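Participant: Quick one: the structure is below, questions incoming.
The values are calculated or read from the model by the stated rules, or taken from the named source; none is laboratory data. Just so it is clear, the model here is predicted, and its values are computed rather than measured. Note that we place each Cβ from the backbone using ideal geometry, even for glycine, and neighbour counts take in every protein chain shown.
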Amino acid sequence: MKQKTHISFTLNGETTEIAFAPHKTLLEVLREDLALTGTKHGCELGECGTCAILVDGRAILSCLMLGLDAEGREVKTIEGMAQGAELHPLQHTFADLGAAQCGYCSPGFLLVAEELLKKKPHPTRSEIQEALSGNLCRCTGYIKIYEAVELAAAKMRGEEMELPRESVYGLE
Ligand code: FES
Ligand code: FES
């Protein structure tokens with residue numbers, strides 16, 4: 001029988017203990033051992049960003065981190081982004097503006113954007129582009145994602161933001 005390693009860490013605000021094969025990445029532990037499939041499995045090479053999560057508040061690629069390195073850390077996945085039934089403002093704006101289409105890339109984008117808005121409540125478009133540059137999306141063309149982050153940032157600051165008409169109604 002294969003030997004398992006055992007860790008204790010905080011996952012989406014709750015103390016969690018889990019045993020798993022020691023070669024597993026944190027991505028595999030989350031999806032296969034904890035059944036949290038919101039974190040998506042993409043390239044496994046650190047190139048697509050779809051597996052991004054927050055560890056101690058910083059965005060990391062869970063395909064490049066061993067599960068056993070999560071010992072004692074604070075891990076947040078997309079399942080922990082909403083507060084109960086209340087979606088995070090980024091989740092609202094991604095849905096409202098069509099920034100999530102097939103949705104495969106969305107958990108990674110959302111968590112990286114959450115880290116950005118914590119550090120920079122008023123990011124410029126180029127700061128948003130830079131922060132999200134490690135995340136790939138095949139569907140949206142990125143503009144809707146940037147606008148969704150800008151709109152969520154404005155909402156979180158308590159400000160109104162005027163969006164281009166085509167962002168809301170499409171090209172006429
Ligand atoms: S699956 Fe981790 S970066 Fe692609
Ligand atoms: S919404 Fe489909 S890959 Fe981004």
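Participant: Looking at segment 19-37, is at least one residue touching a helix residue (DSSP H, G or I) at 6+ places or on another chain (Cβ under 8 Å), closer than 20 Å to Cys102 by Cβ and more than 9 Å from ligand 1 (Cβ to nearest atom)?
Facilitator: Yes, the conditions are met somewhere in segment 19-37.
Participant: Also, I was wondering about something else. Filter segment 122-138 down to residues that are within 16 Å of ligand 1 (Cβ to nearest atom) and surrounded by fewer than 17 Cβ atoms within 10 Å (Cβ to Cβ) and give me whichever is farthest from the chain's Cα centre (by Cα).
Facilitator: In this case the residue turns out to be Arg138.
Participant: Please determine, by comparing only the residues of segment 83-106 that are touching an Asp or Glu at 6+ places or on another chain (Cβ under 9 Å) and at pLDDT 95 or above, which one is nearest to Gly13 (Cα to Cα).
Facilitator: His88
Participant: Now for a different question. Which one of these is of a type outside the set (Asp, Glu) and either closer than 30 Å to Pro22 by Cα or touching a residue at least 12 places away in the same chain (Cβ under 8 Å) (or both): Gly141, Gly134, Gly103?
Facilitator: Only one candidate passes the filter, namely Gly134.
Participant: Taking into account only those residues within segment 97-121 that are farther than 15 Å from His41 by Cα and part of a loop (DSSP other than H, G, I, E, B), which is farthest from ligand 1 (Cβ to nearest atom)?
Facilitator: Among them, the one singled out is Pro121.
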